[in-house]
Amino acid sequence: MSGTLPTGRPRDLRLDFFRGLGMFIIFIAHVPNNAWNNWIPARFGASDATEIFVFCSGMASALAFGAVFRDRSALLGAARTAHRVWQVYWAHIGLFCIVVAMIAWFDTLVGSDFYTTRLYVRPFLEDPASHLIGLMTLRYVPNYFDILPMYLVLLAMMPIIATLGLANRWLAFALMAGLWLVAQADYLSLSAEVRAGVEREWFFNPFGWQLVFFTGFAFMMGWIKAPPIKRSLVVLAVAILLLNVLFASRFGWENFDFVYQTRDLAMWTFEKTDFGLMRYVHFLALAYLAYVAAGEGGRRLAGAGAWGAFVRTVRRVGQQSLAVFLSSMVLAQIVGALLDVTGRTPLTIAFFNLAGFATLVVVATTVAWFKHQPWRRPHQPAAGAAKVERASGVERLTLEPAR
């Protein structure tokens, strides 16, 4: 069964808006010892901003590449995907080098190895040869730098899923479910270490996380229909969120013995590395409520005034998600170091978080400006500009009147 790519501004508006919100949450989550981190969605349920990033990336990938697979060929679709893989790979390498160089400099300023130890990159600095080879081959994937490698594998899987899904969507769904189940059983994972005798798998197992990525991909390909807005589904989604507050939030399971024991029996369903089932269920409930809140066609996200300006700003951030993500990972370490110097008071934490938000907006705006390539637009002479006229082989310099 062939999928059909949904088109139209409302769907794009919602995608960009929620992806932009995810970018701000990711920044908060990566600032070391950030008190605002206690109030992000991850502290109230099983899923967090990673699911938002991966799900929206799957939707965006369908918009960017799906039509190529559908209208051209699997070969051209794979080539288009390979180009994106190439871009993301070098983005990952560049991000690692910039952040490690920066925090190594921070260490020289404080006269210790505090910052490189806090980010767990001391093994790289102590044995750079083997770790550099591991970095380039994705066999060394340190924490903090683990999202983009996972995204690379998901992109590499996309030609297979897209080809299967365009032939018969149930074949794609079967492969997605099969890979996820194998990952839950710990039979399919990737090593993140090159040190002898040290075992550590990728923190984000792509064979588990592909389920949420390709769920977003399937929605935008038309393989899964958008759910109806019904009171019964809203009640169910709210109930799931409330249960998560009890079983998966900082307010619940650690504070009640009976909840702790119940959760302990099904710990694997909350597990992040392989993308446990409860994370998937919680995210779908949260996504459904966000979908309902946005209104039919995203009508509640449209508007003028302060609300309209806010939505446009967040959308701009969502539209430049890769550039914003890379910048936020660097910026989070800078903000963390500044907070170490100034102290973590409510005022300093608020100031640096808000300053970080503003910086991400500037990054998104700047990247959008470059992507529009204003230098390629036809030149329009300014009012009062000098103009050279040629008449009868004689050049005359005249001044255009201002209009």
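What follows draws every value from the coordinates through simple rules; no lab data is involved. Just so you know, these numbers come straight off a predicted model, no measurement behind them. Glycine also receives a Cβ, built like all others from the backbone with ideal geometry; neighbour counts cover every protein chain displayed.
Check each of the chymotrypsin sites (Phe, Trp or Tyr not before Pro) in the range 113-221 and keep only those in coil by DSSP with at most 11 other C-beta atoms within 10 angstrom; list them in order.
Qualifying residues, ordered by number: Y187.
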query = If you find the alpha carbon centre of the range 312-383 and of the range 267-311, how far apart are they in angstrom?
reply = 23 Å
ask   = Looking at the chain, do any whole DSSP H helices span at least 20 angstrom along their long axis by alpha carbon and average -1.0 or above on Kyte-Doolittle, and which?
value = 9-30, 74-110, 147-167, 169-184, 206-221, 231-248, 277-294, 305-319, 321-342, 346-371
message = Classify the range 37-105 from the C-alpha gyration tensor, please: rounded if a/c falls under 1.5, else prolate or oblate depending on whether a/b exceeds b/c.
response = oblate
message = Over all directions, how big on average is the projection of the convex hull of the alpha-carbon atoms in the range 11-64, in square nanometres?
response = 3.9 nm²
task = With an 8 Å cut-off on Cα pairs and a minimum separation of 6 or more residues, tell me the relative contact order of the chain in percent.
result = 26 percent
message = Explain nothing, just the number: relative contact order of the range 235-381, from Cα pairs under 8 Å at least 6 residues apart, as a whole percent.
response = 17 percent
request  = Please list, in chain and number order, the residues 5+ apart from I224 or on another chain whose amide H is under 5 Å from its amide H, with Hs placed from the backbone.
outcome  = F219
Tail fraction, Cα-Cα pairs, the chain, threshold 35 Å, whole percent = 34 percent
note = Note: the range 116-273 at 10 °C, 1.306 mPa s; Kirkwood Rh on alpha carbon pairs; Stokes-Einstein D in µm²/s works out to 85 µm²/s
Evaluated over the range 1-156, the Cα radius of gyration and Dmax, each in Å = 18.9, 62
note = Residues whose built amide H sits under 5 Å from the amide H of E201, excluding neighbours closer than 5 in sequence, are A192
Gap separating the Cα centres of the range 206-234 and the range 151-175, nearest whole Å = 14 Å
note = Percent relative contact order for the range 96-232, counting Cα pairs under 8 Å at least six residues apart, stands at 20 percent
query = When only DSSP loop residues count, what chymotrypsin sites (Phe, Trp or Tyr not before Pro) in the range 232-327 have their Cβ near at most 16 other Cβ atoms within 10 Å?
reply = F251, F256
